[in-house]
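Remarks on the structure that follows.
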Amino acid sequence: MVATVLLVEDDPTVSGVVEAYLRKAGYDAVVTSDGESALQQWVQRRPDVVVLDVMLPGMSGLDVLRRRRADDDTAAVIILSARGDEDDRLVGLDLGADDYMVKPFSPRELLGRIQALLRRVERLGATSLLPTRLRCGPLEVDLRSRSVIVGERPVTLTHREFDLLAYLMTHPGEAFSKEALMRRVWGWEFGDTSTVTVHVRRLREKIEVDPSDPALVLTVRGAGYRFDGGVTVDG
């Protein structure tokens with residue numbers, strides 16, 4: 001099945017180059033240049049990955065992302081931001097973006113990030129080597145459907161949030177540094193570790209009874225994070 005990538009970029013030179021890379025790689029590329037049309041295409045085409053520029057005519061990329069996440073849309077999102085706009089990148093992650101890249105960027109690297117996101121979804125959701133479900137108390141994670149339930153309440157996670165939770169739960173009691181999580185969950189050999197910090201915080205807000213005093217995803221001083229608690233495996 002061909003993956004659909006929605007590219008939202010108002011610079012025609014940038015969008016033209018990236019679109020050519022996407023099509024050459026075999027993706028169904030949908031290109032738009034403003035926030036309103038991005039929302040329309042996002043709803044109509046239901047893309048697998050969205051590459052979303054922050055600075056857009058009319059509605060900003062962050063507002064587009066905020067509205068889609070408010071509707072529980074879980075498409076993988078890569079934010080594009082100008083160099084130095086760290087606040088925009090952190091806000092994007094806080095709103096549920098999975099990744100970000102700083103302009104100017106390499107189209108080849110962007111393609112690699114897209115491929116890494118899609119591969120991660122396939123590995124966690126389709127391989128027969130993985131268990132079907134992970135449970136820890138009221139928390140239940142279905143790796144095949146990529147769904148999460150806390151008690152009887154369905155919880156919507158972004159792709160990265162789900163990948164992070166699944167990885168930690170399949171290695172219970174093991175502490176991982178931010179750098180290790182970036183390599184194993186994000187597929188990055190280097191990068192801004194605040195990405196991991198933001199995703200851990202968002203994950204706690206969704207699965208912990210008290211996010212300010214987490215009982216599941218713990219901070220290990222000087223080491224990073226670990227999943228604490230007995231995990232039972234089905235399948």
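Each reported figure results from applying straightforward, stated rules to the coordinates on display, with no laboratory input. Just so it is clear, the model here is predicted, and its values are computed rather than measured. Reconstructed Cβ throughout: ideal geometry from the backbone, glycine too, with neighbour counts over all protein chains shown.
Note on residue 34 and residue 71: with the Förster distance fixed at 25 Å, the Cβ-Cβ geometry gives a FRET efficiency of about 0.85. Taking every alpha-carbon pair under 8 Å whose residues sit at least 6 apart, the chain reaches a relative contact order of 15 percent.
Give the residue from 60, 116, 197 lying farthest towards the positive end of the charge dipole for the chain; charges sit on Cβ (+1 for Lys and Arg, -1 for Asp and Glu) and the dipole is referred to the Cα centre. Among 60, 116, 197, the one farthest towards the positive end of the dipole of the chain is 116.
Applying 0.36 nm per residue to the separation of residue 106 and residue 132 and subtracting their alpha-carbon distance, the gain on full extension is 5.6 nm.
For the chain, what is the charge dipole size about the Cα centre, in debye to the nearest 20, if Lys and Arg each add +1 at the Cβ and Asp and Glu each add -1 at the Cβ?
Magnitude of the dipole: close to 720 debye.
FRET efficiency for the residue 55 to residue 194 pair, using the beta carbon distance and R₀ = 22 Å, is estimated at 0.55.
Kindly provide the trypsin sites (Lys or Arg not before Pro) of the stretch 179-235 that DSSP labels as loop, not H, G, I, E or B, and whose Cβ sees at most 13 other Cβ atoms within 10 Å.
On the way: sites: 183, 184, 201, 202, 204, 206, 221, 226; in loops: 221.
Those that pass, being in a loop and sparsely packed, are 221.
Relative to the first principal axis of the alpha-carbon coordinates of the chain, what is the inclination of helix 61-70, with its axis defined by its Cα atoms, in degrees from 0 to 90 and to the nearest 10? Its long axis makes an angle of about 40 degrees. For the pair residue 220 and residue 149, a Förster radius of 22 Å applied to the C-beta separation gives a FRET efficiency near 0.25, rounded to the nearest 0.05.
Sorted on the mean count of surrounding Cβ atoms within 10 Å across their residues, most packed first, peptides 11-24, 147-160, 29-42 read 29-42, 147-160, 11-24.
Working note: 222 nm ellipticity from helices only, DSSP H runs with n ≥ 4, each -39,500 (n - 2.57), summed and divided by the residues of the chain, gives -12000 deg cm²/dmol to the nearest 500. Candidate cross-link partners of residue 103 among the lysines, defined by an alpha-carbon separation under 26 Å and a same-chain spacing of 8 or more, comprise 24, 178.
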